[in-house]
Every structure is written in C-alpha cells, then in structure tokens.
Amino acid sequence: MPMSQAMLNTQAPGPADEKVKRHTISILVQNKFGAFNRIAGLFAAKGYNIDSLSVGPTEDEGVSRMTIVARGDDQIIEQITKQLNKLIDIVKVIDLTFESFVDRELVLVKVHSTNDTRPEIMQIAEIFRAKVVDISPKTLTLEATGSQQKVDAIIKMLKPFAIKEMARTGRVALKREFQGEV
Amino acid sequence: MSRQAHEEESPAAPAGRLMTGAEIFVRSLIAENVEVLFGYPGGATIGVYDALHDISDINHVLTRHEQGATHAAEGYAKATGKPGVVLVTSGPGATNTVTGIADAMMDSIPLVVFTGQVPLRLIGNDAFQEADIVGITRPVTKHNYLVRDVRELAQTIKEAFYIALSGRPGPVLIDLPKDVMAQKTTFDYPGSVTLRNYAPILDGNLRQIRKAAEVINAASRPVLYVGGGAILSNAAPELTALARKLRCPVTTTLHGLGSFPENDPLAMGMLGMHGTWYSNMAVHFCDVLIAVGARFDDRVTGNVDAFAAEAKKIHIDIDPSAISKNVKVDVPIVGDVKRVLAALQDLVNPLETKDWLRTIDAWKDEHPLRYRNGEEIRAQYVIQKLGEITEGNAIVVTDVGQHQMWAAQFFNFAHPRTHITSGGLGTMGFSLPAAMGAVFGRRDLPVISISGDGGFQMNSQEMATIVQHRLPLKIFVINNGFLGMVRQWQELFWRRRYSQVELANPDFVRLAEAYGCTAFRATRTSEVEDVLRKAMAHTDGPVFAEFVVAKEDNVYPMIPAGQTINEMIDTPDPVPGGRNGSGDAIATVEKGKARKVSVHAHVPSNA
Ligand SMILES: Cc1cc2nc3c(=O)[nH]c(=O)nc-3n(C[C@H](O)[C@H](O)[C@H](O)COP(=O)(O)OP(=O)(O)OC[C@H]3O[C@@H](n4cnc5c(N)ncnc54)[C@H](O)[C@@H]3O)c2cc1C
Ligand SMILES: Cc1ncc(C[n+]2csc(CCOP(=O)(O)OP(=O)(O)O)c2C)c(N)n1
Ligand SMILES: [Mg+2]
C-alpha cells in the first residue's frame, strides 16, 4: 500500500516535548473494501504522527491486525483511539501501552561488505542472532528479528559498513496473557 | 431494453422472484419509508431512473444541480429529523455532491447519498464519467460503500440508513456500479443490522450522571451551554424543564438555537464570536458550565485556555471523540442528551441563582443587541420585524455571512428545528436549496430562506425547481452589495483594504420574475414591514423579496478569532437612555426580557 510512505513523511520531529510519548496501538479491522485506506486517511487528515505501521492476517479470516506505533501527548493519543473506534469497519482498538505486551520487528539489511569486513559483519550478526539470507561479492543481506530497540541496535552497528538498502516491517505486538517473560 | 424485458422487470412484481439491482434499490427505499428523493439522472443511473418511473410512493425531485440536491436533502433532514436521500449519476454528478456531503458531516446531518458508477470491470480504467467517489468522500462521510455484488445491495442500504441516523448522525454514501444494478437476485429486505463494533451509547453512565448532579448542586453561577445535539436528540422539553428547575441561565450555539425559547427570562441567546455580550460574560464568569450536545467549536470558545477557565465543566455528548477534544472537561457523560437530561432532572435541586441572574440582567441592560434605525434599511431591522410578524412560528433557513449572524441574533427563535443553517463548513449557497428541502418535509410552518446577495447566486438555479413545484417558500435576499462578512474583516483587521468583495449584482426582482416567481423589493425602512407582510401572506406558490440594506454595516458584538472576552467589541450604536442617548431611534432586542423598542418611522439624526 503506498499510503504508509506518505504518512511516514508527515512525522515532524518537533521539539523534544516531555508530554509526547510513543504508543503501540493494535487494531483489528474487518477486511472490507477500502478499510485500510480509511485508517491511513484518518492519520493523514488529522495530522497524527506515525512511526511505523504493519498489517497482516489474523486467526479470523475476515479480520486483519494493524499495529501502529504513533506519537503524541495524552490528549492526541486519546483522540486517535476515539477516532479509530468511530470507523465502522474497525472491530477493536487496544492501546497496548497501558498493557503488558510482546512485540517484534523484522529487518532485512543489505550491507556493503568486502573480504576484509565480512568476518566482522558476521560476528555482529551472530551477536544479534541475525541470519545471513543473501550474499554477493560486494554485499551481505542479514535478517534480524527482535524488539524495536534490538533492531535499532543492529542497524546502528551495521551503519559504519555502509547500508545499501534496508526494509523494516514495523512493530507487531500482542498483549501478554501472563505477566513475565517466557 | 426490449419492451418485454421491461415488463418482466416491472417493480410491481411480487417479492420472491428475481429482481434487478435497480428494482431492489427502489424497493429498499420504500422499505425505509423514503418519501422524497432529491436527484439528477445520467448515463450511469439510467437503469435506476427507469425503475423509478412508475413508482408513486417516492416523490423524486429533479433539482437543477447536484449540489442543490444534497443541500435540499440536508434541509429536509434538519427540518424533519428523517434522513435526506440523494440520487445522482457517476463522475461529475457524484463530485457535485461533495460540498453538501462535507457540510452534512460537519453539522451531523443524516444523509444517504447514492451515486452511479461505471461498470465494475471498467473501474480504474479512466472510463467515461468515472470518478473514485468512494475515495474522494472517505474523509467527509460517516461511512461509505462500493456495492460489488447485487446480493449485497439490500443489506448495504439497510446498514447505510442505520448508520446515517443513529448515534452522531452523518452522511453515508453508496456507490452503485451500473452493471451491479442490472444484475438480478431475489429481494429480501433485512429486518435488522449487526455491525461488529458500532453500537452508539445512549444511556449515560449512572456514576457519571451522579457526579454531574453533585457538581451542579454545588453551583452558584451555573450556565447551560446548549448545542445542536439537543435538537438532534429532540430534547427541548427535557432541557427546558431542567433549566427552569435549576433556575439556570441558558446560552445556545448557532446550532442550538430553537432548543430553548429565547423569550424565556433564563435565555441569553447565542454565545461565541458573534454571540450576545451577556452570554459570553456569563460563560466567562460561571462556576459550572453544563455543555449539552455542543462541541466546543473554536467560533464558540475563542482562545480555549481562557474559555470558562474557572468553571467546572460537564459535557454530555453521544460521540466519545467530541469529549475533551478541544477543552478538557471535569465530568464527561457519553450518551443521548434526551436520556441524560431526564436522568439528571431527578438528581438535581433548585439552585439559589438570584444574584447570578441579577448580574446577568445588568449585563443585558448595559449591552443589549441593538442598532440605530434610519431611512436606510438595517438588515437587523428586517430580521427583527420578521421575528415579530411570524412570532417565531416559521422555519428560518439562512445562508452564510453577516445576514446569517443577524438572523441568529435578532429573530428570537422559540422552537426546535426552526433554525437551519450551515455552521461547521459555512457553505455559501446552502440556504435556497436547503429551504426548498425543508418545504418538502414540513408544511405545518412557513419556510423562509434568507440569503445574502453573494450566497443567493451560488445556487440560484434552484429557483426553477421551487417554481416548478409551486412551493410555498419565502425567499429573502439581504442585498448589501458586498460579500459583507469578508468586507467586515477587511474593514476591521485589514485596514479597510477591500479586496474583491464588492458585487455587481443582477436585478434580483427581475431575475425572480423571470423564473416565474412573484417578487418585491424594499429600499427604505418604511417599506420593510409592508413587503414582509405581503410576502408572508402570499399563498400562491413561492414569493421573493429583496431588501436593499446599508452597504457597510457590521455584525457586533464580535470576539476576534482566537481571542477572549477582553477583546470583545460591542456595537458602537448607543444604548437607549444610556450615557450618550442622542435621541436617535435605537432598537434593541434582549433575550429573555421580551422588551423591545422597535422604531418604525425614520428619525432624522439631528432630531
Ligand atoms: C460566519 C459564521 C460565524 C459563526 N459564528 C458563530 C458564533 O458566534 N457562535 C456559535 O455558536 N457558532 C458560530 N458559528 C457556527 C460554528 O462554526 C459551529 O458550527 C457551531 O458553533 C457548532 O455548534 P455545536 O457546538 O452546537 O455543534 P454541532 O455541530 O451542532 O454538533 C452537535 C454535537 O452534539 C453531539 N450530538 C449529536 N447528537 C447527539 C445526541 N443525540 N445526544 C448527545 N449529543 C449529540 C455531536 O456529537 C456533536 O458533538 C458560525 C458559523 C459561521 C459560518
Ligand atoms: C462557498 C463559500 N465560499 C466562500 C466563503 C467565504 N465567505 C464567508 S461569508 C462570505 C460573504 C458572504 O456574502 P453574502 O452572501 O453577500 O452575505 P453577507 O455577508 O453580505 O450577508 C464569504 C465570501 C464561504 N463561506 N463559502
Ligand atoms: Mg452581501
């Protein structure tokens, strides 16, 4: 969907406002004609900032889950969830920030590599438990999964080698049933 | 289509057999008790129009522009409380409805708009008269649909009517591809709707209602701030009962006008940018503000941080997203105004507000709505006289601009659903078609359209529709030769640099006559009452009247956009018997006092 691009461009860094927080919002939406556009359009029309957005099928074949990481102060986030709830095609909106949740993100990074740098890159991959999914004389493509922080960290480590291309899925998340790590 | 095929598909056929989408459309509207359909045909809807041909249950009104059709549907909906229904063709027919749909969205008006569409297989091909109307209207509809299979049609129509009318009302659009409307299936109109996450909350949370009652019972300077939601929920009786029990003064928004009788001693008229001096003062100094179906619009609040800053705020609204959107409130209650007010009534006690009401009365004396009358007609006088002649028993449909504000200030509205205007979008050209739509829904009261000379010309083509149907509509144009409201801003805030606001107008009386309408004109104050009385007494179809008024008059009081009552500007015209009583003829209208000094004769200014 071309929408995410346009929306992500709207994110103005803005002044480091104390009240602005990052929220992970999980949305169950019916697979109806134009439903995703409705959600994307809402963020664009109201000028809300989105950090990432991911969509995929769920256990219910008529319903998809959208995970949106959005930024705003309490009042804006409250408006976002209320406005989402007004959309007829939406089944459920949960602001996971108020819950305990597990989240993952996947990234594919194609990084420039030479005979000299390849071992070093492989070592970083190992530390992050990333997989090598493609290799060429001049590049290595890694796949890493983890929390957003972990993905941020591996990208930071790979940056000095020159990242040629990168694709991140954006965060997906589910509420925890029990407290504590598994 | 062959003659035989036509007979086979005749809508008179019994249920249970196969019907085309077009027939199902007609049957569904009949099942929804649609009496009037405003529309305009074209290639993509020709089959649907064929199915309408022999139907007598639905009165199709051929407007002269699709924008006229949507505004007519809005006027019909506002006057009756029933959804307004529109049928137009694809492409330009559909795009012409967008302004009316956006207007209905802003003002919470229930509409169901049907648009023709190119056949499914051509969608996306830049086919002749194709427009992605579902995409275009997504942000300005409560919901919209593209019907992709005739078997979904009846269910979709059922859902659309339910969504448009329930909760916070709004426009719903259904796009009808031409081939889908020719497909056949059996017709079975669903009896109910199930939507997974859409279930408007009507009964307010009892704990919240109790909390509100506690806050109210401790108030000494309460104000009821009432909006369009009170009228949408038909809550005027509950509101009046509550205000009188509490002895609480009432101010209304532009859309709340008519929810509370303005001759009641507790009435303060409209608040906000062009609200009365005293209502804005009262809201500023109140200790408890009870917002009833009002959405804290910026035309009302001005600077939100200073709006009723000291007051505890209670907010009753059916739409959770309306609450704490602009102004943080202390006691939110999500629910239907009518039910919540009824529940509150038993939990609150009469309040000791004598001192508070006395303070407000003093503001009323010091700063009444007023104007200086002379030979040149003041628009305020036309409106005030109209209010007196009709005694408030009329439906007044205004356009956008200065005349709109004067109508809100000087008519003295007494009944719900008697004031119809475009508030949220502020759409010039709204009045004439909306008033026409109101007449189709209401024949118990005279319907009066009031436009400016600018706005009248934005949908004047509907004069043809009005004359064709011999509608008993009163069509008044307040002609100041200017786009008056913009001129006022240029005068006050842009050093009187008048940029593109002066109008070279046609002869409105001859224009109306060319359409076949009886027409009058008043150019001096002394002629106004006579013209108004003749127009109101006219029984044979529509009647038009032009009032040539002062060119450079301003609407006061005024709180400039985004400011506070400290910047409120009162009218420069003196207060009668006040400090600089000059002996001029000053007319005042005070809310809640029924004391009026109206002047008929011209009094020379050196008298
Ligand atoms: C030139 C111009 C000047 C203007 N100046 C002013 C001015 O001075 N003062 C002024 O007041 N306005 C003015 N307006 C109008 C203004 O722009 C807004 O349209 C208006 O103030 C909004 O009115 P409202 O708050 O009653 O909300 P509405 O738009 O009428 O909304 C109704 C509210 O009630 C809720 N609701 C609906 N149904 C129910 C129900 N059954 N139960 C509970 N809640 C319900 C809705 O969710 C919504 O929040 C002006 C407009 C123009 C064009
Ligand atoms: C469609 C549209 N275009 C422009 C405006 C901006 N506007 C608001 S009031 C106004 C002037 C209206 O003039 P007129 O109809 O003569 O009424 P008056 O203010 O003179 O009473 C204009 C241009 C608008 N509200 N709607
Ligand atoms: Mg004008």
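Max-minus-min Cα coordinates of the protein assembly as shown on each principal axis give 103, 75, 56 Å, with the largest extent listed first. Per residue of peptide B:187-200, the mean number of Cβ atoms on other chains within 10 Å of the residue Cβ is 2. Show which aspartates and glutamates lie in cross-link reach of A:Lys110 when reach means a straight Cα distance below 17 angstrom and same-chain residues fewer than eight apart are skipped. The reachable aspartates and glutamates, counting only those whose Cα sits under 17 Å from A:Lys110, are A:Glu120, A:Glu126, A:Asp134, A:Glu143, A:Asp152, A:Glu165. Counting only alpha carbon atoms, the long axis of helix A:148-158 and the longest principal axis of chain A meet at about 30°.
Does chain B come out rounded, prolate or oblate, given a ≥ b ≥ c as the square roots of the eigenvalues of its C-alpha gyration tensor, rounded meaning a/c under 1.5 and, failing that, prolate meaning a/b above b/c? Since a/c reaches 1.5 but b/c is at least a/b, the shape of chain B is classed as oblate.
What is the stretch A:102-174 by shape, rounded, prolate or oblate, if you read a ≥ b ≥ c off the alpha carbon gyration tensor as root eigenvalues and call it rounded for a/c under 1.5, prolate for a/b larger than b/c, and oblate otherwise?
On the way: a/c = 2.23, a/b = 1.97, b/c = 1.13.
Since a/c reaches 1.5 and a/b is larger than b/c, the shape of the stretch A:102-174 is classed as prolate.
Between the C-alpha center of the stretch B:445-494 and that of the stretch B:548-570 there is a gap of 21 Å.
Can you tell me the order of B:473-482, B:77-86 when each peptide is scored by its average per-residue count of other Cβ atoms within 10 angstrom, highest first? Present the calculation step by step, with values, prior to reporting the outcome.
Details: B:473-482: 25.7, B:77-86: 24.1.
Top to bottom by mean Cβ count within 10 Å: B:473-482, B:77-86.
Principal-axis analysis of the Cα atoms of chain B puts helix B:431-441 at an angle of about 70° to the longest axis. Share of carbon and sulfur in the accessible area of chain A stands at 55%, probe radius 1.4 Å.
In straight-distance terms, cross-link reach from B:Lys338 covers every one of the aspartates and glutamates whose alpha-carbon lies under 15 Å from its own, apart from those fewer than eight places away in the same chain; here that gives B:Asp203, B:Glu238, B:Asp317, B:Asp319, B:Asp346. For the pair the stretch B:69-122 and the stretch B:309-324, the centres of their Cα atoms are 30 angstrom apart.
What share of the DSSP beta bridges in chain B is antiparallel, in percent to the nearest 5? Don't skip to the answer; put the middle values down first.
On the way: 10 of 76 bridges.
If we restrict to bridges inside chain B, about 15 percent are antiparallel.
Output the antiparallel fraction of DSSP beta bridges having both residues in the protein assembly as shown, as a percent to the nearest 5. Here the antiparallel bridges make up roughly 45 percent for the protein assembly as shown.
Interface residues of the stretch A:81-100, defined as those with an accessible-area decrease of at least 40 Å² between the chain by itself and the complete set of protein chains (probe 1.4 Å), are A:Lys82, A:Lys86, A:Ile88, A:Val91.
Can you pull out the buried accessible area for chains A and B, both sides counted, probe 1.4 Å, rounded to the nearest 100 Å²?
Its buried surface, counting both partners, is about 1700 Å².
Amide H contacts under 5 Å for B:Tyr145: B:Leu173, B:Ile174, B:Asp175, restricted to partners 5 or more places along the chain or on a different chain, H placed in the peptide plane at 1.01 Å from N.
When a/c reaches 1.5 or more, the comparison of a/b and b/c decides; with that in mind, is chain A rounded, prolate or oblate per its Cα gyration tensor?
Values: a/c = 1.92, a/b = 1.82, b/c = 1.05.
It is prolate, given that a/c is not under 1.5 and a/b is the larger ratio.
Quick one: pull the percent of accessible area on the stretch B:206-364 belonging to carbon and sulfur, 1.4 Å probe, ligands and nucleic acids left out. Present the calculation step by step, with values, prior to reporting the outcome.
Values: 2790 of 5530 Å².
Carbon and sulfur together cover 50 percent of it.
Rounded to the nearest 500, the 222 nm mean residue ellipticity of the protein assembly as shown from helices alone is -9500 deg cm²/dmol, with -39,500 (n - 2.57) taken per DSSP H run of at least 4 residues. Residues of the stretch A:16-56 that bury at least 20 Å² of accessible area when the other protein chains are present, relative to the chain alone (probe 1.4 Å, heavy atoms, ligands and nucleic acids excluded): A:Gln30, A:Phe33, A:Asn37, A:Arg38.
Peptides B:324-336, B:301-313, B:376-388 ranked from most to least packed by the mean count of surrounding Cβ atoms within 10 Å: B:376-388, B:324-336, B:301-313. Solvent-accessible surface, computed for protein heavy atoms with a probe of 1.4 Å, shrinks by 50 Å² or more for the following residues of the stretch B:318-341 when the other protein chains are added to the isolated chain: B:Ser321. To the nearest 10 degrees, how steep is helix A:35-46 against the longest Cα principal axis of chain A, on a 0 to 90 scale? Around 80 degrees separate the two axes. Peptide B:133-144 shows a mean partner chain C-beta count of 3 within 10 Å per residue C-beta. When you count the other C-beta atoms within 10 angstrom of each residue and take the mean per peptide, B:352-363, A:112-123, B:281-292, B:510-521 line up highest first as B:281-292, B:510-521, B:352-363, A:112-123.
Rounded to the nearest 20, the size of the Cβ-charge dipole of the stretch B:447-559 about its Cα centre is 200 debye, with Lys and Arg at +1 and Asp and Glu at -1.
Taken over the stretch B:206-364, the alpha-carbon convex hull comes to 91 cubic angstrom per residue. Per residue, the protein assembly as shown exposes 42 Å² of accessible surface when a 1.4 Å probe is rolled over the protein heavy atoms with every protein chain present. State which entries of A:Lys32/A:Lys82; A:Lys82/A:Lys159; A:Lys150/B:Lys328; B:Lys142/B:Lys312 exceed 29 angstrom in Cα-Cα distance in the structure shown. Those over the limit are A:Lys82/A:Lys159; A:Lys150/B:Lys328; B:Lys142/B:Lys312. Partner aspartates and glutamates whose Cα lies under 16 Å from the Cα of B:Lys313, excluding those fewer than 8 positions away in the same chain, are identified as B:Glu214, B:Asp287, B:Asp297, B:Asp305, B:Asp330.
The values are calculated or read from the model by the stated rules, or taken from the named source; none is laboratory data. Since we're looking at a predicted model, the values are computed, not measured. Because the Cβ atoms are built from the backbone with ideal geometry, glycine has one as well, and the counts that use them run over all protein chains shown. Note: areas computed on protein heavy atoms with side chains; ligands, DNA, RNA excluded. Shrake-Rupley method; radii C 1.70, N 1.55, O 1.52, S 1.80 Å.
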